[in-house]
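Values quoted throughout were computed directly from the atomic coordinates according to the rules given, and no laboratory measurement underlies them. If you're wondering where the values come from, they're calculated on a predicted model, not measured in any experiment. Quick reminder, even Gly has a Cβ in these numbers, built from the backbone with ideal geometry, and neighbours come from all protein chains shown.
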Amino acid sequence: MKQRQVEFAWGPSGGRIPSRIGSIEVTVTAGRGGKGWLEVADLVLVELPLEPEAKPVSASASSSAAGHEARRAFDGDAATSWRAGSAGPAEWRVDLGSLRELGGLVIDHGASFASRYAVDLSENGTTWTTVREVTGGNGGRDFLALPEGEARKVRLRLLEGPETEPFELREVAVMPLAFGATPSAFVAEVAKADPRGSWPRYLAGEQSYWAVVGVDGDADEGLLSEDGALEAGAGLFSVEPFLLDGERLVTWADVTTRHALADGDLPIPSVTWEAKDVTLETTALAAGLPGSSALLVRYRLANRKNAAKRIRLVLAFRLSR
């Protein structure tokens, strides 16, 4: 049981993390009836170091090419890399110096990357547990959440990839616990690595405002964000617009935005993007009777320049998990 799994309920500390604990009480409750029991045996308190080692004691690999030693994939410099000594399956390992809770890994692959690999954790370097296996890898950067990871040693087993070239890793970063503490925290960390506008505003820690879209008296309602993203309902999917101008992706962060209601006061909100010579108007409305209404959205893309221009509307469907 980790500290992050225990939340403050009430008491004289006022919500602060306890500095001393005199006893542990376990309460078993049945929220909806029923009965059962709890058996506890061999309860052990394990003291963890206050400050885990910031840098690994060592990095190693099954083999390394000259000038591409294992430590070069853990030196904070993506210009250097570890490369296996020969083609075929290979292993790369790092010793973190002490037992640590891990939030996840960020892996930057080299030119010859593994399309299938596994992540193993170990407390002693003898017994290993496979916590993730990646299939269909396409190189580049991989973000891996390990919300229940605790280890001193981390091992990457590169299993499949190029048949004639040795595997290469440019950088492997072991992320702190907060990185993968929750699914939302993990996605927010991934969003930080992309240009602003690639993800919804709230994932960048920015306030996002919404307009309610629904039929009077209906319990189900949609939401239209200030950036033009439409949420279909509580716990359902959302639809977010993008524009593709040649090879350039246009997002809410690249445009000037205007907001309006139909005829100035009707509950039919719209968001208009103004991007150079192009405008995109997103309008949402609800129709039907309470209990059986439908949520509708219209996208109107206009070219304000007196010349042909090829612009594509791209809609991203984001699912709630």
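Output ³J(HN,Hα) for region 181-194: one whole-Hz value per residue in order, computed from phi by the Karplus curve 6.51 cos²θ - 1.76 cosθ + 1.60 with θ = phi - 60°, and x for Gly and Pro.
4, 9, x, 5, 5, 5, 5, 5, 5, 4, 5, 4, 7, 9
Which order results if Glu206, Glu165 are arranged by neighbouring Cβ count within 10 Å, fewest first? Intermediate results must be reported in sequence, preceding the final value.
Numbers: Glu206 9, Glu165 15.
By the 10 Å Cβ count, ascending, the order reads Glu206, Glu165.
Which value at 222 nm does the chain reach when only helices count, each DSSP H run of 4 or more adding -39,500 (n - 2.57), with the total divided by all residues and rounded to the nearest 500 deg cm²/dmol?
Helix-only estimate at 222 nm: -1000 deg cm²/dmol.
With r defined as the distance between the Cβ atoms of Thr126 and Leu266 and R0 fixed at 56 Å, what FRET efficiency is calculated, to the nearest 0.05?
Between Thr126 and Leu266 the formula returns 0.20.
Find the relative contact order for region 212-321 and round it to a whole percent, using C-alpha pairs within less than 8 Å whose residues are 6+ positions apart. Walk me through the intermediate numbers first.
Numbers: 228 pairs, mean separation 32.3, N = 110.
Value for region 212-321: 29 percent.
Which value, to two decimals, describes the C-alpha radius of gyration of region 55-128 once divided by 2.2 N^0.38 Å? Numbers along the way, then the final one.
Working: Rg = 12.6 Å, N = 74, 2.2 N^0.38 = 11.3 Å.
Working it through for region 55-128, the quotient is 1.11.
Running Debye on region 95-233 with equal point scatterers at the Cα sites and no solvent, what base-10 log of I(q)/I(0) appears at q = 0.13 Å⁻¹?
Cα-only, vacuum Debye calculation for region 95-233: -0.71.
Do any GluC sites (Glu not before Pro) in region 20-112 lie in a loop, going by DSSP, with at most 16 other beta-carbon atoms within 10 Å of their beta carbon, and if so which? Kindly include the intermediate steps, with their values, before the conclusion.
Details: sites: Glu25, Glu39, Glu47, Glu53, Glu69, Glu91, Glu101; in loops: Glu25, Glu39, Glu47, Glu53, Glu69.
Loop-located and lightly packed - Glu25, Glu39, Glu47, Glu53.
Put a dot 7 Å past each Cα toward the Cβ at Ala111 and Ser98; how far apart are the dots in nm?
In this crude label model, Ser98 to Ala111 measures out at 4.1 nm.
Which of the peptides 236-249, 11-24 is most tightly packed, and how do the rest follow, going by the mean number of other Cβ atoms within 10 Å of each residue? Show your work: numbers first, answer last.
On the way: 236-249: 14.7, 11-24: 7.2.
Listed from highest to lowest mean packing, they are 236-249, 11-24.
Could you tell me which residue out of Gly235, Val314, Val26 lies farthest along the dipole of the chain toward its positive end? Charges go on the beta carbon: Lys and Arg +1, Asp and Glu -1, centred on the Cα centre.
Checking the options against the dipole of the chain, the answer is Val314.
Can you work out the Karplus-derived ³J(HN,Hα) for every residue in region 66-77? Use 6.51 cos²θ - 1.76 cosθ + 1.60 with θ = phi - 60°, whole Hz, and x for glycine or proline.
Calculated HN-Hα couplings, in order: 4, x, 10, 5, 4, 5, 6, 8, 9, 10, x, 10 Hz.
Grab the beta carbon distance between Ala307 and Thr257, set R0 = 25 Å, and tell me the FRET efficiency rounded to 0.05. Don't skip to the answer; put the middle values down first.
Numbers: r = 25 Å, r/R0 = 0.99.
Step by step, r from the Cβ atoms, then E = 0.50.
Contour minus end-to-end for Glu163 and Ala275, with contour as 0.36 nm per residue of separation and end-to-end as the Cα-Cα distance? Don't jump to the answer; show the numbers that get you there.
Numbers: separation 112, 0.36 × 112 = 40.32 nm, distance 4.65 nm.
Contour length minus Cα-Cα distance gives 35.7 nm.
With all distinct Cα pairs included, what does the Kirkwood hydrodynamic radius of the chain come out to in Å, to one decimal, could you say?
Values: mean 1/r = 0.0412 Å⁻¹.
By the Kirkwood definition, the hydrodynamic radius is 24.2 Å.
Please report, in debye to the nearest 20, how large the charge dipole of the chain is about its Cα centre when each Lys and Arg carries +1 at its beta carbon and each Asp and Glu carries -1 there.
Values: 35 positive and 44 negative charges, 87 e Å.
Dipole about the Cα centre, nearest 20: 420 debye.
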